[in-house]
Structures are given as C-alpha cells and as structure tokens.
Amino acid sequence: MRMSQYRRNTSTSAFASRSAQLEKRKRHMKKIASILILLFLLLNQLLATEQESDILHTGKEKLAVEIGWGHPSPLETYYRQNNLEYPFRMLSTANYRGHVATWEIDGEKFYLVELAIEKENFKPESFKIASKDKSFSTKDKVFADWFSGVLVCQKRSEKDYWETEYSVYF
C-alpha cells in the first residue's frame, strides 16, 4: 500500500467516525429536547390554577361544568362565534373568564339561566345574550343554540369541593 492510499483510508475512516459521533449527539439532543418539552407541558398542567366551574342544573342535580383552556365556557363560545367584544374582565387566576354561568338542561334543550359576577347575579338579557331561534327562549332563560360542544361535568361532594363523586359528559 502506498503512503497516499494509507492517508486517504485513514482520513476517510476518521471522517466516517466523526459523522457517526455527530449523528449520535443529534439523536441524544433530540431525546433531551423531547423530555424537556414533555416536562414543561406536564408542569404547566400541574401548576395551573383550576378554574371556577360553571353550574349545570339537570333537573335532578347540580353539576360543576369543567372550564379551562381546553374547555372554554359555552358563553365564551357565544362571544367568539358572533365576533362580539367580551364584556367580562378577569376576576382572579381561578376565574379568567370573569363570570360563573348557570346553565340548565330542560328536556333536550340547553339554556343559559344566569350570570354571577362578583357575587351579583344577572339575567342573560343584561348582556344582550340571545339565541338565533328565540322561540325556545323565555324571559328567565336563553336557549343556547350557539353551543354544540361537549360538556365535561362533575358531581362534587357536599363535604369537600375538591372531591368528585362522579363525572358526566353531555
């Protein structure tokens, strides 16, 4: 073997070795980045303040409607769908939407009954909330025809608010 061939062979193998090391480092960095992103997402959920629930009356019972970044209030949906300015302001980190809505299921219909804002109660008409189909609304409640999503509800314990007896989906 001539000296020039020897140098080419050793430099080629050194290059291949260096490339393999770089690939190994890239895979390692991708794993670390994935783990950090996963930890960030988990900590974000763990450290987030639970939102004050809306209330749902089903005739038989009173349920807490789960509200959060992934489950907006049906009333927030109303304002977004109609491109209306949101009239409520954040009350606390536990109530970023600025109200607690009371909802009712009557028959097969979903109604907005009342809004509580800082311990004061208001009828939906106070905020000009109206359904498109007014034939199902009354002076006491507004037919929520704008909402067609899923409600995640919980029956909370009477003794301990944080204890859930069971969950229901509508």
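Here the label points at Leu22 and Asn82, each 7 Å from Cα along the C-beta direction, are separated by 6.0 nm in the simple model. What the phi angles of the range 91-101 give under the Karplus curve with 6.51, -1.76 and 1.60, with θ = phi - 60°, is a coupling list of 8, 6, 5, 8, 8, 5, 7, x, 7, 10, 8 Hz, glycine and proline written as x. The gain in end-to-end length when the Ile37 to Ser135 segment is fully stretched comes to 30.3 nm, 0.36 nm per residue minus the alpha carbon separation. For the range 35-148, the solvent-accessible area with a 1.4 angstrom probe is 64 square angstrom per residue. The alpha carbons of the range 65-170 occupy a box of 39, 32, 25 Å along the principal axes, longest dimension given first.
Rolling a 1.4 Å probe over the protein heavy atoms of the range 48-170, with every protein chain left in place, gives an accessible area that is 51 percent carbon and sulfur. Amide H to amide H, with H built 1.01 Å from N, Glu114 comes under 5 Å of Thr102, counting only residues 5 or more places away or on other chains.
The values are calculated or read from the model by the stated rules, or taken from the named source; none is laboratory data. All of these numbers come straight from a predicted model, not from anything done at the bench. No Cβ is skipped: glycine too gets one built from the backbone with ideal geometry, and neighbour counts run over all protein chains shown. Accessible surface areas use protein heavy atoms only, side chains included; no ligands, DNA or RNA. Shrake-Rupley method; radii C 1.70, N 1.55, O 1.52, S 1.80 Å.
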